[in-house]
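Each remark here refers to the structure printed beneath this line.
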Amino acid sequence: MSDYPEINANGIVTQLGWIDVDEHVVAEASLDCGVSVTKGQHTGSRKRFVLKYPLIQLEEVQIVEAFFDEMRGRLGEFNFTYKLDDQTPVTWPNTRFDSDSLEIRAVAPRQYEMEVKLSSEAESPS
């Protein structure tokens, strides 16, 4: 299984600015007659990560884009590893991109801003 790339912008590991949220999977169906049905899935919560890259270089954007293409958007699974301060690295297996597109904005010449959303249905990190 592939690993999410670590981006080091100006010597700083930029993927550390993540937010994680526990979510529960819910299916919703709306019919043309106005009836709406919502059903919770009987699974454990999934972990959602939002990685914020406030200022990265073009080369680093291309690394994330290439990995996104390799995973075919949200179809491919990979390992997502993070480490806070001096803690032991924590790896979440079975992680996917949360959408089929990346939003990238130019903020200056050759400098970009990007937010990447990931989700993992693993019960706990390995």
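Structure values in brief
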{"quantity": "First in region 97-113 and farther than 13 Å from Glu60 by Cβ, second anywhere and surrounded by 14 or more Cβ atoms within 10 Å (Cβ to Cβ) and of a type in the set (S, T, N, Q), Cβ under 6 Å, 6 or more apart", "calculated": "Asp98/Ser119"}
{"quantity": "Filter pass, Thr38 being farther than 23 Å from Ile104 by Cα and either out of contact with any strand residue (DSSP E or B) (no Cβ under 8 Å at 6 or more places or on another chain) or at pLDDT 90 or above (or both)", "calculated": "no"}
{"quantity": "Residues (of a type outside the set (A, V, I, L, M) and either touching a Pro at 6+ places or on another chain (Cβ under 9 Å) or surrounded by fewer than 14 Cβ atoms within 10 Å (Cβ to Cβ) (or both)) located in region 100-114", "calculated": "Asp100, Ser101, Glu103, Arg105, Pro109, Arg110, Glu113"}
{"quantity": "Among residues of region 106-126, those that are within 17 Å of the chain's Cα centre (by Cα) and part of a strand (DSSP E or B), counted", "calculated": "8"}
{"quantity": "Criterion violated by Ile104 - all others in (1) modelled with pLDDT under 90; (2) farther than 13 Å from Ser2 by Cβ; (3) β-branched (Val, Ile, Thr) satisfied", "calculated": "(1)"}
{"quantity": "Qualifying residue in region 48-57 (condition: buried (at least 17 other Cβ atoms within 10 Å of the Cβ) and assigned to a loop (DSSP other than H, G, I, E, B))", "calculated": "no"}
{"quantity": "Hey, Phe97 out of contact with any helix residue (DSSP H, G or I) (no Cβ under 6 Å at 6 or more places or on another chain) and at pLDDT 75 or above or not", "calculated": "no"}
{"quantity": "Qualifying residue in region 70-86 (condition: in a strand (DSSP E or B), basic (Lys, Arg), exposed (fewer than 14 other Cβ atoms within 10 Å of the Cβ) and at pLDDT 85 or above)", "calculated": "no"}
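The values are calculated or read from the model by the stated rules, or taken from the named source; none is laboratory data. Because the structure is predicted, anything quoted here is derived from the model rather than measured. Neighbour counts are summed over all protein chains in view; Cβ atoms, including those assigned to glycine, are modelled from backbone coordinates with ideal geometry.
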